[in-house]
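See below for the structure under consideration.
Bear in mind these aren't lab numbers, they're just calculated from the coordinates by the rules spelled out. Just so you know, these numbers come straight off a predicted model, no measurement behind them. As a convention, Cβ positions derive from the backbone with ideal geometry for all residues, glycine included, and neighbour counts pool all protein chains shown.
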Amino acid sequence: MSTISIIFPLLFMACLGYLLTAKGPFTKDHIAGISLFTFYICIPAFLFINMYQADLRTSFDIAILSSFYLPVISIFGLSAGLYYCLTLKGADRKAKSAVYALACSYSNTILVGLPIIVGALGQQMMGKVFAVITFHSALLFSLTFMLSAKQSRDGLRAWKFSKGIILNPIVMSISAGLIFNLLQVSLESNLLNGLRLLSEPALACALFVLGANLSFYKIAKDWHLAFIASMIKLLILPLCVYGIGRFGFYIKGDSLALLVLLSASPLGVNAYLVAMQVQAQQAVVASTVVMSTVLSVFTMSLWLTVLV
C-alpha cells in the first residue's frame, strides 16, 4: 500500500472535521457531544475487542517496551533540563520546564498513531500497540506533575489527576480486554457482535474530532517554542526510537515500524489539559498541538516511506 493511500483517508476525515466546525454547522457543543460518544463508547469498545482477541504471546515484549519508553523518558528529561537551564529564573520555572518536556515527548497514539498503524501494518499489530500505549499517559502525566509540584496541595492535585488518567476509559478498556484475554473468558456471541458494531466508527470519529478540535486552538506568539517542540516530537524522538530499537535491541520489520510511528505521532490534546492543571505553558502546548498535527502530515509520510 502506498503512503498516499494510507495518509489520504485519515487526512480526509480530519479535514472534514475541521471544515465542518470552523466553517460549517458544527459548534463546540456539538463536537463535545461527539467526543463523549467517541471516547467513552466507540474507542473503548474498539480497544477492548482488539485487546480481547490479541495474541498475547507476541504482544508483551520487554525489548519493544524498552525501545519505546527509554527514548521517551530520555527526551522528556533532556527537554525539561534544557528548558530549565536556558530560561530565566522564576517561581514557575520548574512547572514550565515539566510541561514543555511533556510537549516534546507525549504522542497522540489513539487519534493519529493507531489509524496510521492499522492502515500501514494491519489489525494484527493491535496487541503490540496496546501493550505499548497502556502506560503511556499515566507515566508521562505523572512525571509532569511530580516535576512541577511545588507543595503538598499540588502533590494531592497531581495524584487525583493521575488517578483519573489511570482510570480513564481508554486504559480501563485495554486493561479489561487484557484480563478477559488472560482468563480466557468467553463472551456471548450477541454481546460480541454488539461491541464490534460499536467499535466500527471509532477511528473515523476520532479523526473527525481531532480535526474539529484544531479549529478551537490557535498558534500563539510563542510559536518558536512550539516549532522546536514539534521538531523534537516528530523527528528527533522517533529517530531515537529507531536507533535504540534497531541497533540496541535488534528489532526489525513491522515491530520497529510500529514503535517509530507511535513515537512520531503529533502531540496529543490531553497535554493541553495537563498544562491547564499545572497552570503553565498553556499557549505553547496549544500551539504545539496545532503545529505538530499539521506538520505530521509531512513527517508521517516521510517515516512511512522509510519504514513500510
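Brief remarks follow.
- All of 255, 230, 287 fail the test of being of a type in the set (S, T, N, Q) and over 24 Å from residue 87 (Cβ atoms), apart from 255.
- Single unsatisfied condition, residue 107 versus (1) under 29 Å from residue 287 (Cβ atoms); (2) assigned to a helix (DSSP H, G or I): (2)
- Only helices (runs of 4 or more DSSP H) whose full extent lies in region 1-96 are considered here, and the ones with at least 2 residues that are closer than 23 Å to residue 127 by Cβ are 3-22, 43-52, 62-86.
- When region 169-186 is filtered for residues that are surrounded by 14 or more Cβ atoms within 10 Å (Cβ to Cβ) and either part of a loop (DSSP other than H, G, I, E, B) or without any contact (Cβ under 8 Å) to a residue 24 or more places away in the chain (or both), nothing remains.
- Check on residue 253, free of Cβ contacts under 8 Å to residues at least 12 places away in the same chain, under 21 Å from residue 301 (Cβ atoms) and surrounded by fewer than 22 Cβ atoms within 10 Å (Cβ to Cβ): yes
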